[in-house]
Ligand SMILES: Cc1cc2nc3c(=O)[nH]c(=O)nc-3n(C[C@H](O)[C@H](O)[C@H](O)COP(=O)(O)OP(=O)(O)OC[C@H]3O[C@@H](n4cnc5c(N)ncnc54)[C@H](O)[C@@H]3O)c2cc1C
Ligand code: SF4
Ligand code: SF4
Ligand code: SF4
Ligand code: SF4
Ligand code: SF4
Ligand code: FES
């Protein structure tokens, strides 16, 4: 991470209870959220092509270590992640003045799982990034790959590379250069026949182990104990884990995220059984985009059409 | 484990401790607006007549289709024709219990957990301190001691609730007050017209009672906040942690030490408890 | 002397086993390696680590405890009775090609479910019906640390047969009578023997691939260390990012907590148990609203303390096999090794 970024973060540390950034992960090509409370920890911060975690998940106060009522937290947010803050502000979950946001421009993050098949990504011994080439050594096999072939799907479709809402922006802003449409994957699904789509989702849901990581990592899911996917009275979902109950679980969740999901893709990233679960909320988002032109978290201060009422709607 | 422990361990039909015995509700009593007592008999008459437990042990009561919850057996150990439970309306299972009427079929896994060591208490002065529904586990022990009154020295029961309407077991309380051989102190939180006993929080009443710790044991049960302050008062009065017993609550499922959730450090409330001395609690991680 | 089964004969053996058992074997599916029912037409994968452990073979995520049915008395419809029904049949299974850490996981759960105190009849039945053909591990992953917790990549106590990769095949060591019953004589009679020293050499090689062990023993000191660290502010620091999900517990070969729920359908229904996790806030939430483990740091502390302290006290074992799954799958990048290293002093 650049000296400038570190110096700036050290500078705001006295203003916040903690600052959330990225630190070393479990190996050289992974990072992990890092909560910094002391100046000496700033040195451990990273800002590189592996900072995939959406730190906005820690914006809702109920999802992070508590701070005193008059204190604030600081965090660094990528463009995509910052949409969550706009949405959360609009939902009244956090007050703007309780956050100190460092804005950056993001060149796109590397999805190391795209190397799976070529090498075993769980046995990496060395990794180096030179310009546009990532070289990875694993199990004595070495591969070199062009970063552009390794970017996360959402990064290929990135429309907001610069943080949308911030207190300080560090570095130069870039312009968006999407190589794919954000809804491409949803469109592909829509092209399937009803039976094909049913078969597709049944196969996916059959694997779900209901670890609820998709929900918990989502910055927009903040109901915690009150989440109706957890309550027994009234009972909306069954505890047992099978395709039907899993489907029910995910459909309810997708409906609750309609027009609120900010398309960060975290739910799919964390899924331990590789379910592209973000496609469900994305489908809802696509509907809302087609009808209302709405994209959650892109315009500060604007209300979601599902939380607002207009006498006349052009497309309804 | 001594034989006595084995005798009071739930086996379950076919040696399956997850399977309950079937039982029926034979009477329902409204104790307070949100507390009801249920008398229950096992369908299997032989099992019922052989059923034995010790004061403080608990049961997992089932309503099939709703679920299972933990309740302390509060009838006397020598009562062989029914088991009594007192249930406060709290959530899913307890609410469903409140809707039951006489004749309803339920399931019961009991006895589970440890118990008050009544033998060790023989020949000593006994102080009971209860709050609200916390009288339930104490009731069994009190009834047991009263049935063997000669084995115990002075018995003092201090019991309180928010209002007179929240006092459980009013019939028992009246009986106990009538007996000349035990001392009963009742209290409510705030002054109410017509109330002829003490007014004030239970811990305050405990402090005022000038209890003598000499050759005594204190047994307390009630809301956590009450217990916390009662312990302070008892220690002030000179009670040592070993002399104070309490029962703990923890969310439970299996009651067998297997499902995991009821642990406090390495101890499981369902098998190592629910009865603990204050000394034992002090040795556990602070996770109440 | 152990026999050497060449790669190309494995299928014959598996086909033979599949005639009498459900055979579960690692295979690739949906972009990951999973343990699933052996099917002759599908490739098996004995090279990769399975995403989850084999514990589901003895402790499935959802398991029926019994069925119930309300019945009205014909003569007196007011009188309703309940009938309970349990199942006794569990399939005979072989877990084929599971790594030593997964075997260790099953052994650890056995210590809890089938040792002293109450025994779990459901687990017991499944465990008895399971034979284990373990496979010595040749490719430790980044997150592996079995040797740190007293395990070994090449020994699998608790297994019935141990396979060790030697050359282009596997040395087959039969460890138990249950294992002997899995050996089809007509196939094995034709196989060549392999020298014990060669097997030994292959096994030692695997051990060297792991990080130099800082050994943690299941001693009273280890148990004490975490009790002493109970109030340490380090828990907050180390777990601030934890999302309280179920990944680390569900993926863990030794986590064995469950909830019990009823599901009803009209007058019938069933009581089931489903995996639960001490990382979920609802796990300890009481009806009064009180929750003794409200903060995620308290829950994480329980998870680690259970494995590295409470299980030593109660069961004389460490509750962690060092499989690394909780580390590599954690969405928040929390690394148990760092925490354990920090809070437990090294033995030697
Ligand atoms: C040792 C012991 C003795 C108890 N004795 C009594 C008694 O005599 N009378 C009485 O009214 N209550 C007693 N309780 C509390 C009682 O178990 C809970 O109020 C009850 O389980 C709530 O169940 P619910 O389904 O109505 O609530 P929900 O909130 O719907 O709870 C769902 C499930 O969580 C579990 N659970 C929730 N809270 C608790 C809790 N505090 N303790 C244990 N499990 C819980 C149960 O399995 C319950 O079915 C006792 C608890 C313990 C641990
Ligand atoms: S993260 Fe994946 S496995 Fe876990 S609940 Fe979500 S979809 Fe299911
Ligand atoms: S639903 Fe998934 S993609 Fe949408 S905001 Fe939540 S985590 Fe991000
Ligand atoms: S440690 Fe990681 S895997 Fe475990 S609950 Fe926390 S976030 Fe989930
Ligand atoms: S705690 Fe983690 S490393 Fe240890 S056995 Fe469980 S999943 Fe494996
Ligand atoms: S770590 Fe938690 S979920 Fe795992 S066995 Fe222990 S208490 Fe249960
Ligand atoms: S209630 Fe299951 S372990 Fe105590």
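So the values come out like this:
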read-out: Flag if residue A:221 is within 16 Å of ligand 2 (Cβ to nearest atom), in contact with a helix residue (DSSP H, G or I) (Cβ under 9 Å, 6 or more places away or on another chain), in contact (Cβ under 8 Å) with a residue 60 or more places away in the chain and closer than 17 Å to residue A:271 by Cα; value: no
read-out: The listed residue being under 24 Å from residue A:101 (Cβ atoms) and either in contact (Cβ under 8 Å) with a residue 40 or more places away in the chain or out of contact with any strand residue (DSSP E or B) (no Cβ under 7 Å at 6 or more places or on another chain) (or both), out of A:196, A:172; value: A:172
read-out: Matching entry among C:27, C:39 (being more than 16 Å from ligand 7 (Cβ to nearest atom) and assigned to a loop (DSSP other than H, G, I, E, B)); value: C:39
read-out: Matching entry among C:223, C:241, C:251, C:229 (being away from ligand 7 (no atom under 16 Å from the Cβ) and in contact with a strand residue (DSSP E or B) (Cβ under 6 Å, 6 or more places away or on another chain)); value: C:241
read-out: Segment C:271-284 - residue that is touching a strand residue (DSSP E or B) at 6+ places or on another chain (Cβ under 9 Å) and in a loop (DSSP other than H, G, I, E, B) and, of those, farthest from ligand 2 (Cβ to nearest atom); value: C:278
read-out: Residue match in segment C:293-303 (condition: more than 16 Å from ligand 4 (Cβ to nearest atom), surrounded by fewer than 18 Cβ atoms within 10 Å (Cβ to Cβ) and more than 16 Å from the chain's Cα centre (by Cα)); value: no
read-out: Helices (runs of 4 or more DSSP H) contained in segment C:286-341 and holding at least 2 residues facing chain A (nearest Cβ under 9 Å); value: C:296-305, C:325-329
read-out: Failed criterion for residue A:124 (all others in (1) under 18 Å from the mean Cα position of the chain (by Cα); (2) modelled with pLDDT under 90 hold); value: (1)
read-out: Condition met for residue A:273 (within 15 Å of residue A:213 (Cβ to Cβ), in contact (Cβ under 8 Å) with a residue 24 or more places away in the chain and within 16 Å of ligand 5 (Cβ to nearest atom)); value: yes
read-out: Members of segment C:221-260 found to be within 14 Å of chain B (Cβ to nearest Cβ), under 24 Å from the mean Cα position of the chain (by Cα) and away from ligand 1 (no atom under 16 Å from the Cβ), listed by number; value: C:222, C:223, C:226, C:246, C:249, C:250, C:252, C:254, C:255, C:256
read-out: Residues within segment A:122-147 that are in contact with a helix residue (DSSP H, G or I) (Cβ under 9 Å, 6 or more places away or on another chain) and in contact (Cβ under 8 Å) with a residue 24 or more places away in the chain, tallied; value: 7
read-out: Residue tally, condition over 24 Å from residue C:218 (Cβ atoms) and either touching a residue at least 40 places away in the same chain (Cβ under 8 Å) or touching a helix residue (DSSP H, G or I) at 6+ places or on another chain (Cβ under 7 Å) (or both), over segment C:129-183; value: 25
read-out: Residue in segment B:188-208 that is crowded, with 19+ Cβ neighbours inside 10 Å and part of a strand (DSSP E or B) present; value: yes
read-out: Any hit, segment C:292-309, residues being within 15 Å of ligand 1 (Cβ to nearest atom) and out of contact with any strand residue (DSSP E or B) (no Cβ under 9 Å at 6 or more places or on another chain); value: yes
read-out: Criterion (more than 16 Å from ligand 5 (Cβ to nearest atom) and touching a residue at least 12 places away in the same chain (Cβ under 8 Å)) met by exactly one of B:177, B:84; value: B:84
read-out: Segment C:247-278: number of residues that are over 20 Å from residue C:308 (Cβ atoms) and within 12 Å of ligand 6 (Cβ to nearest atom); value: 4
read-out: Complete set of residues in segment A:287-316 that are over 30 Å from residue A:30 (Cβ atoms) and buried (at least 19 other Cβ atoms within 10 Å of the Cβ); value: A:288, A:294
read-out: Elements of type helices (runs of 4 or more DSSP H) contained in segment A:126-237, each with 1 or more residues being crowded, with 16+ Cβ neighbours inside 10 Å and within 16 Å of ligand 6 (Cβ to nearest atom); value: A:213-216
read-out: Within segment A:6-37, tally of residues that are more than 9 Å from chain C (Cβ to nearest Cβ), under 30 Å from residue C:211 (Cα atoms) and without any contact (Cβ under 8 Å) to a residue 40 or more places away in the chain; value: 1
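Residue by residue, here is whether (1) within 14 Å of chain B (Cβ to nearest Cβ); (2) surrounded by fewer than 20 Cβ atoms within 10 Å (Cβ to Cβ); (3) under 13 Å from residue C:97 (Cα atoms) holds:
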residue: C:24; (1), (2), (3): no, no, yes
residue: C:32; (1), (2), (3): no, yes, no
residue: C:42; (1), (2), (3): no, yes, no
residue: C:46; (1), (2), (3): no, yes, yes
residue: C:57; (1), (2), (3): no, no, no
residue: C:62; (1), (2), (3): no, yes, no
residue: C:70; (1), (2), (3): yes, yes, no
residue: C:74; (1), (2), (3): no, yes, no
residue: C:79; (1), (2), (3): yes, yes, no
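The values are calculated or read from the model by the stated rules, or taken from the named source; none is laboratory data. Keep in mind the model is a prediction, meaning the values are calculated, not measured. Counting neighbours? That spans all protein chains shown, and the Cβs are built from the backbone with ideal geometry, glycine included.
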